[in-house]
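The values are calculated or read from the model by the stated rules, or taken from the named source; none is laboratory data. Please read all numbers here as calculations on a predicted model, not as lab measurements. Glycine gets a Cβ as well: all are built from the backbone with ideal geometry, and neighbour counts include every protein chain shown. Keep in mind that these areas ignore ligands, DNA and RNA; they rest on the heavy atoms of the full protein, side chains included. Shrake-Rupley method; radii C 1.70, N 1.55, O 1.52, S 1.80 Å.
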Amino acid sequence: MSAAPLQGLRVVDFTRVLAGPHCTKALRDLGADVAKIEPPSGDLGRVGLPYVNGIGLYYVQQNAGKRNLSLDLNYTEAREIVTKLCRDADVIVENFRPGTLARFGFGYEDIKAYNPGIIYVSLSGYGQSTSWRNRPAFAPTVQAETGLTAIVQDHFGEALCEPRGDSCSHADVYTGLQGVIAVLAALQHRNRTGEGQHVDVSMAATMLSVNERAGAMLSEIDTDGEPIALSANESHIYEMADGTRLTIAGSPIYSPMFMRYCAMMRRSDLLTDLRYATAKLRRENLASLLAEIRAWLATFNDLDQLQAQVSEAGLAVGRVRTVNEFAKSDWVKEWNAVVEVDDRAGGTLRMPGNPWIFSRSELPPPGAPAYQGEHNEEILKGLQIPEDRIRDLEGRNIILNRR
């Protein structure tokens, strides 16, 4: 086995909370050395509940394995330290509001002047130069602006006690992953040309790009009752006789899927039932159609037996599980999809593992979550800053250690 794919890559991480930290965590797990710059107030992600040994698990999930340098950029001395760090960096990732880091002298043009090969990735809600660039952007608001919340309401509104958005921060984590793609693409460009560059990544643009139904929705074509985009967005929840809840990918409203459902249930009679003759009629009579499917599913007590019959029709079934139920499955153990992370008190925490398995590269172990400023001395000594100078900076609270 060879070293991790990104071993030797030096990343300066100016990010906080979720989109940026999710990006740099992936880079770290692929082998990069990530130095996280944290302000005196700390990353807001640290207060995400629950806590274990004073560290928020929300923070642990996105930051374990990164080195941590905590300092106050309002001081000239702190800015000099970060300048030294950026001078030798390969990649910088930031997710502040556009223009924020430039006020401290750490915008792309500032760093490019002394490190022309730098790859500088900016993650923001609406981009660095648009008319919306100064709007605060959090996942729920970006999801509302870009159509995801409307989709949730359209499909689940009647079942909700009150209107609300999705419970997951899609806009943040997807944008973080697009940031990883940006880094890897810019590295390839630099390998080919020797040139660094700035990459502007927008949460709003990301949400449009990952919405597999956006093209169909933008067309505004009336499908006469047929679900769009292969109907996966209208998959229903069912129960087996023993109460096991499951979903079958695809809606029986969609004509090709309706034919597969009939074949799966051995119910050719439904193909000639006038109530289900068209997608519009199936939508109008959905309650009775779902009752037929649920009655058929209630004859099964064995999920494997059901899976075999569903697979014959070219469909897929998935059990509705909680995260903890899934974590107990054999598959999670086989993939090592849940790993043990140091809890900094002699124990461990369970966290998601890597989504990749490389045939010829060995990835680093999960790593421990750093206390704020834990690696101040290590990083500063690596920058050839004398120990007496480090003690002076600590004494004046220019660098902070909350270990």
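Restricting attention to the range 312-340 and to residues that are in a strand (DSSP E or B), out of contact with any helix residue (DSSP H, G or I) (no Cβ under 8 Å at 6 or more places or on another chain) and at pLDDT 95 or above, the residue that is surrounded by the most Cβ atoms within 10 Å (Cβ to Cβ) turns out to be V339. Just give me the residues in the range 113-150 being part of a loop (DSSP other than H, G, I, E, B) and among the charged types (D, E, K, R), in sequence order. Correct list: R133, R135.
Restricting attention to the range 187-209, the residues that are in contact (Cβ under 8 Å) with a residue 40 or more places away in the chain and hydroxyl-bearing (S, T, Y) total 1.
Based on this model, can you work out whether M217 counts as modelled with pLDDT under 95, assigned to a helix (DSSP H, G or I) and more than 17 Å from D154 (Cα to Cα)?
Details: modelled with pLDDT under 95: yes; assigned to a helix (DSSP H, G or I): yes; more than 17 Å from D154 (Cα to Cα): no.
Considered against the rule, which asks whether it is modelled with pLDDT under 95, assigned to a helix (DSSP H, G or I) and more than 17 Å from D154 (Cα to Cα), M217 comes out as no.
Restricting attention to the range 242-276, the residues that are open to solvent by 60 Å² or more (accessible area, probe 1.4 Å), hydrophobic (A, V, I, L, M, F, W, C) and over 17 Å from G314 (Cβ atoms) total 1.
Close Cβ contacts (under 9 Å, 6 or more residues apart or on different chains) running from residues in the range 133-144 that are in contact (Cβ under 8 Å) with a residue 12 or more places away in the chain to residues that are among the aromatic types (F, W, Y) and open to solvent by less than 60 Å² (accessible area, probe 1.4 Å) comprise R133/Y126; N134/Y126; A137/Y126; V142/Y126. Give the residue that is modelled with the lowest pLDDT, with candidates limited to residues of the range 28-71 that are part of a helix (DSSP H, G or I) and either β-branched (V, I, T) or within 24 Å of K381 (Cα to Cα) (or both). Once the filter is applied, the top-ranked residue is V47.
Considering only residues that are open to solvent by 30 Å² or more (accessible area, probe 1.4 Å) and not in a helix (DSSP H, G or I), which ones fall in the range 384-403?
Across the range 384-403, the qualifying residues are Q384, P386, R396, N397, N401, R402, R403.
Within the range 72-97, being β-branched (V, I, T) and open to solvent by less than 20 Å² (accessible area, probe 1.4 Å) holds for I81, V82, V91, I92, V93. Of all the criteria given as (1) open to solvent by 20 Å² or more (accessible area, probe 1.4 Å); (2) under 30 Å from R360 (Cα atoms); (3) touching an Asp or Glu at 6+ places or on another chain (Cβ under 8 Å), the one not satisfied by P39 is (2).
Cβ-Cβ distances below 7 Å connect the following pairs, each with a first residue in the range 218-229 that is under 17 Å from L286 (Cα atoms), a second residue that is of a type in the set (V, I, T), and a separation of six or more residues or different chains: G225/T278; P227/I253.
Condition test on A313, is it within 23 Å of K25 (Cβ to Cβ) and out of contact with any Cys (no Cβ under 6 Å at 6 or more places or on another chain)? Judged against the criteria, A313 is not a match.
Among the candidates R403, R391, single out the residue that is under 20 Å from K84 (Cα atoms) and over 24 Å from the mean Cα position of the chain (by Cα). Don't jump to the end; show me each part of the working.
Values: R403 fails: under 20 Å from K84 (Cα atoms).
Answer to the selection: R391.
Checked against the criterion of being over 18 Å from the mean Cα position of the chain (by Cα), open to solvent by 60 Å² or more (accessible area, probe 1.4 Å) and among the small types (G, A, S), the range 56-71 contains not a single residue that satisfies it.
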